[in-house]
Each structure stands twice: as structure tokens, then as C-alpha cells.
1. Give me the residue from segment 252-291 that is small (G, A, S) and under 15 Å from the mean Cα position of the chain (by Cα) and, out of that set, surrounded by the fewest Cβ atoms within 10 Å (Cβ to Cβ).
2. Does any residue in segment 109-127 that is buried (at least 19 other Cβ atoms within 10 Å of the Cβ) come within less than 6 Å, Cβ to Cβ, of a residue that is in a strand (DSSP E or B) six or more places away or on a different chain, and which pairs are these?
3. So how many residues does segment 34-58 have that are out of contact with any strand residue (DSSP E or B) (no Cβ under 6 Å at 6 or more places or on another chain) and within 16 Å of ligand 1 (Cβ to nearest atom)?
4. Considering only segment 262-283, state which residues are hydrophobic (A, V, I, L, M, F, W, C) and part of a loop (DSSP other than H, G, I, E, B).
5. Examine segment 176-183 for a residue that is surrounded by fewer than 18 Cβ atoms within 10 Å (Cβ to Cβ) and either more than 19 Å from L220 (Cβ to Cβ) or among the basic types (K, R) (or both), and state whether such a residue exists.
6. Across segment 1-33, what is the total count of residues that are within 9 Å of ligand 1 (Cβ to nearest atom), closer than 17 Å to C377 by Cβ and over 19 Å from the mean Cα position of the chain (by Cα)?
7. Looking only at segment 294-312, which residues are within 13 Å of the chain's Cα centre (by Cα) and either within 12 Å of A229 (Cα to Cα) or of a type in the set (G, A, S) (or both)?
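The values are calculated or read from the model by the stated rules, or taken from the named source; none is laboratory data. Computed from a predicted structure; not experimentally measured. A quick note on method: Cβ atoms are made from the backbone with ideal geometry, for glycine too, and the neighbour counts reach across all protein chains shown.
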Amino acid sequence: MGKTYLDIVSPHCMLVVGKRGTGKSYTLGVIAEEFAKLKEKYLKRVSLILVDTMSVFHSLKKENTDQNERQIMERFDIEPECWKEKIRILVPRTAVDEAEKDDRELHYDEILKLPLSKVEVHEWLDLFDLDITEYTGTLLSQVITDLKDDREYFSFQDIYQKIEGQDAEKERKETIKNLFGMIEELGLFSERGMDEQLVEGGKITVLDISYLGRLGKYQLRNLIVSIFAREQMSKRTLHTTLEMQSQADLIDSDTVKEITEAHPIIYMLIDEAHLFLPSGEDTISSDPLIDWIKLGRHPGLSLIMATQEPSALHPTAIRQSDMIIAHNMTSKDDLDALKVAKQSYMRKGLDEMIGKMEFKRGLAMILDDKKRSLQLCRVRPRHTLHTGVDASALPPEERH
Ligand SMILES: Nc1ncnc2c1ncn2[C@@H]1O[C@H](COP(=O)(O)OP(=O)(O)OP(=O)(O)O)[C@@H](O)[C@H]1O
Ligand SMILES: [Mg+2]
């Protein structure tokens, strides 16, 4: 049986699709493991960010002890293994508070904190569902724009003070203060953010933002992804420009080496990606992610998105993806939904392949646009534990 690998020589925009429980999150975990297994000299040039909305990736720090997987692991010659020191789990403050309240153990390394000043005016407006042409929206925009013009970093206190100083009705000022107060309480933002860099060469960072899903209509998860995507786009673009200047002998190559180490190329893996880049509507993270997809190749920004329903994902993500891992596609209609099956190299042999695709965990069809090839594969079992196990009415000892 031949092996299939993902080449990381050049950036990718990839999709992992398949219905519920077909192995999408599991496959993202396998991809993360393969990064952890890279030789140090390659890994230190890469940083992986896993956007986790279901709290399933913290177990990348644990060896695979699942008895049900033992047999298949033996067949694939996969040993239980984990790379604790390379994996970093970040959670928002609220997750820690809730776990303490429920007396529940929480697996994390650091608390995620972002610099308050990195949120753009339009993102605050979107988050609070305010319109810039409407009075409260105008006031908020004035306050934040003034602060941003004034300094690089500011605190919630600075925002409250600035609001107080505005020539506006008390009631309006209170409304905005309350909105910011609610965000402050979450402990997700501070003046300078966390000391640690979110991006670090050789590290796999899990952003476990599942806990923020409960905050009603506020798109906080999208805001986090947006801030991250924007920041990295501007850092990496600057870095690529410097690299080109150094190649043209315009600047010193040691300076570039230093910057390269501080700004590795990035792979962002997003599970449930339709939440961040949906079709038919704009979210706070839509534009920054579309920028990654369209402009990310040159600065070295890769995106791997998993979703149950390709049609729920923005069409640009589907059109621009250079590789699709499709789990357990059972009909040609499923592929037609991806609007890719119409390409001639895929039509050949497609029906035959779908016929072979009986339900087997981890079975996947890989559509590689660069190589213009279609391949049937079985994703290998994990070295680390997968926690996204389906809930079952059967007691553990009776499950097979
Ligand atoms: N390659 C594989 N080898 C062995 N078992 C697998 C493989 N892929 C998935 N599984 C099994 O299938 C189960 C479901 O996988 P997973 O949680 O990744 O599904 P999913 O597609 O992400 O589902 P959902 O859309 O509900 O999030 C896993 O708990 C695991 O036991
Ligand atoms: Mg999943």
C-alpha cells in the first residue's frame, strides 16, 4: 500500500469535507501530528494555529489510548505518541472561570489575551451591531478613532474616560460604556495582550474558543480569527518584502534572518470553517480570511478549512482551494456541490471511485488541483487521542 503525503514546500488553501462523523476533525489532528513530526530545521520555520470550536484538539497532548483504535493502529504501524512541548493550548478567561465554577478539570497552557487596540472600528460596530451613520455608532467610532490616533495601546479605562469626555447625551454614553463593560468582563482583551506571541516557529497553537460560542449573537470567535488573520497578513507581507530586498542586496541578510525566525510561515487550520467564512452572509472574519485565500500564497499563509457542508462555505474558499480531502462521499451530487467534479480530469474514474467508497472510517478522496489528480486514500490512525468521540447510549465496555 503506497503512502500519500501533504507537501508543505509551498502554501496551500485546502478543504476537508464530509458529513457528520466522517473524520474531518480527526484528519485535521493527523495533519497537526505530521507537523509535530517534522525535523526541527523545517518545523521551526512553520507555525500552526488550530482554531478549535468544539474543544477537541487539547488531546493532541495525550497519547492515543483508545482501545477501539488499537487494531487499526497496529495495522498501520502507528504507535501511541504525543509532542507535549510543541503543543500550546490557549483558552479565554471565561473558560477557566466556568470550569472552576463547575469544579471541572480544564486542559490549557495559557490564557488567550489580545491587545484591545488591535480591534478595528468597523469590527466593534459589527460586534455590537451598530451602524456608523446612527448616533451611537458615530460616537463609538469617534472614541476609538481618537484613541488609535493617539497611541498604539490603550486600556478599557482609557476607553471609558474618552467616552466620558465626549459631548453627547449621558444615555448614549452609558450604552457604549455598558457594551465595552460586557467585553471587559470576559477578560479576552487587555492593554497589551499576552506576553507570548500567538505565532511561534516550531509550535502548534490550539485556540480553543469553544467557550465563546455561548455568547449569543456576539461574534467574538470571528473577531479573534479576524484579528489574528489581519495581523499575520501584515507581518508576513512586510517580511516577504524585506526578504525580496535582501535578495536584491538592498538590506543586510542577518536582519532578515532574525525577522524570519520571529515570523515563521503559518498554517491556520479551522474546524467548522463555515462559521468563520459562510456563504451568503458576511461575518467579521470573512474579509480577512478571503484575503488569506486570495493573497496568502506569496507571504506564506496557508489555510486548511474543515466543514460538513461545502455549500455553507463561501464560494471563494471552494474555488480557490488547491486540494480537497473529501471524506466518505457517497454520491456524485456531493462532489457536484463542491463544483469541482465538472473538471475533466476528475470525471474520469469518479463513478468507479464512488462505487468503492463503502463506509470506512477515515476513507477519503483527495482532489489535487495542482497535480490534477484524484486519489482514494485512507487517513492513518492518530498517534494522539481524538476526543471528538460520538456520544453513545451504550456503556463504554459495550462499544466496538
Ligand atoms: N482516519 C481514521 N481512522 C480511524 N478512525 C477514524 C478516522 N477518522 C475518523 N475516525 C473515527 O470517526 C469518529 C468521528 O470522526 P470526527 O470526530 O473527526 O468526525 P467529524 O467529521 O469531525 O464530525 P463532525 O462533523 O460531527 O464534527 C472519530 O471519533 C474516530 O473514532
Ligand atoms: Mg468535527
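1. Here the answer is S286.
2. Filtered contacts from segment 109-127: L112/L90; K113/S190; L114/F189; L116/F189.
3. Adding up the residues that qualify gives 4.
4. F276, L277
5. yes
6. 1
7. Initially, segment 294-312 is screened for residues within 13 Å of the chain's Cα centre (by Cα), giving 301-307.
The answer is L301, S302, L303, A306.
Listed here are the residues, each with its yes/no results for (1) under 29 Å from the mean Cα position of the chain (by Cα); (2) within 16 Å of ligand 2 (Cβ to nearest atom); (3) modelled with pLDDT of 80 or more.
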residue: H327; (1), (2), (3): yes, yes, yes
residue: Y345; (1), (2), (3): no, no, no
residue: G349; (1), (2), (3): no, no, no
residue: K360; (1), (2), (3): yes, no, no
residue: K370; (1), (2), (3): yes, no, yes
